[in-house]
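Below: the structure, in structure tokens.
The values are calculated or read from the model by the stated rules, or taken from the named source; none is laboratory data. What you are looking at is a predicted structure, and each value in this text was computed from that prediction instead of being measured. No Cβ is skipped: glycine too gets one built from the backbone with ideal geometry, and neighbour counts run over all protein chains shown. Keep in mind that these areas ignore ligands, DNA and RNA; they rest on the heavy atoms of the full protein, side chains included. Shrake-Rupley method; radii C 1.70, N 1.55, O 1.52, S 1.80 Å.
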Amino acid sequence: MKKYTTIYDIDNIPETIQEAILLKENPFAHKALGTNKTLVMLFFNASLRTRLSTEKAAKNLGMDVMILNVNDAWNLEFEEGTIMNLNSSEHVKEAAQVISQYADIIAIRAFPSLEDKEKDTSEWILNSFTKHATVPIVNMESATMHPLQALADAITITELQKKQQPKVVLSWAPHPKALPQAVANSFVKMMQSLNIDFSITHPEGYELDSEITKNVPVYYDQKEALQDADFVYAKNWSSYESYGKVLHQDSNWMLTKDTLKEAKFMHCLPVRRNVVVEDAVLDGENSIVIQQALNRVFSAQIVLKKMLENL
Ligand code: SN0
């Protein structure tokens, strides 16, 4: 694998899921692969699971890990030809080439502004690093995608599914803040790549990018959508159409034991208790969010392994 910026960088998704499940049984089997290899992780935003699970994955493969919170470093410039006499001290052209000399793989987290749709959609931070770095890039959640999360989600569903074709529903849920569409986007793409019964439910105005959701049934009625679901993935996202806006926080969309019934409850975390989902669900036996978070290790590990094999 030469990069992992979108789930489509994986050649064969079902096969990769199985390989990840095998890694989970024997996580230290490939410790020699990463010896004397370094992963540099760059964070433009906060992280808990992504940071620790990706570091764990790299160490399971024998790699060294260096982490930079980019906000502690020089302010980076991304525009071409700018006269840098304001707040940016260093251009991504130098930064990416310099970091590439210290790293065998670079992983990046860079959320969207949620203000400038065109700029966010252009993935300017991720793509600038991909362009100027000389080593493979891993996306640890960019403006519009979170492919490591989607792979962990697919691993989790594969491990727990009881039917050949389980019913999986992505449900929008309320949140006080404007959040990115990235997790939802990558989850939708991943579900379309698997052989499952998939649909989305959200209030009007919360349509995701239609390029991503084409061919997926969308329901504005959450109750109807959740009927007989085997897995319900809750996630808030801000409006894509009215870009970055919180249109409403209707608490009727909060996931409850009543609305979920027997369905397994999924969420990428962090989750706002009693806003997105009620305590009774998270503390109940149908919540699989902790297993999902564990699988973040093996999602990152299979990706890093495929990259190391290709170095
Ligand atoms: C991020 C998101 O993309 O929705 C990261 C999820 C993996 N989530 C948040 O920013 C939640 C922040 C909050 O205050 O609840």
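For the stretch 1-114, the equivalent ellipsoid built from the Cα gyration tensor has semi-axes of 31, 16, 13 Å, listed from largest to smallest. Using alpha-carbon pairs under 8 Å, 6+ residues apart, how would you state the relative contact order of the stretch 149-292 in percent? Result for the stretch 149-292 is 28 percent.
When the trypsin sites (Lys or Arg not before Pro) in the stretch 208-294 are filtered for DSSP coil states and for at most 11 other beta-carbon atoms within 10 Å of their beta-carbon, the remaining sites are Lys214.
Per residue, the accessible area of the chain comes to 46 Å² when a 1.4 Å probe rolls over the protein heavy atoms. Carbon-plus-sulfur accessible fraction, the stretch 149-292 (probe radius 1.4 Å, protein heavy atoms only): 44%.
Normalising the average separation of contacting C-alpha pairs (under 8 angstrom, six or more residues apart) by the number of residues puts the relative contact order of the chain at 21 percent.
For the stretch 84-225, relative contact order (Cα pairs under 8 Å, six or more residues apart, normalised by length) works out to 20 percent.
Per the Kirkwood definition applied to all pairs of different Cα atoms, how many angstroms is the hydrodynamic radius of the stretch 210-275?
Kirkwood hydrodynamic radius for the stretch 210-275: 13.6 Å.
Summing +1 for each Lys or Arg and -1 for each Asp or Glu among the other residues whose beta-carbon sits under 15 angstrom from that of Met63 gives +3. Based on the Kirkwood approach, the hydrodynamic radius assigned to the stretch 149-292 is 14.9 Å, with every pair of different Cα atoms included. Across the stretch 109-129, the residues whose backbone nitrogen lies under 15 Å from the label position 7 Å along the beta-carbon direction of Ala178 are 111-121.
Its residues counted as N, the stretch 62-211 yields a C-alpha radius of gyration over 2.2 N^0.38 Å of 1.25. Dipole magnitude for the stretch 149-292: about 240 debye, using +1 per Lys or Arg Cβ and -1 per Asp or Glu Cβ, origin at the Cα centre. Taking the stretch 1-134 as the region of interest, the number of lysine pairs whose Cα atoms are within less than 15 Å, with members eight or more places apart or on different chains, is 9. Where the alpha-carbon atoms of the chain are placed on the principal axes, they occupy 53, 48, 33 Å, in descending order.
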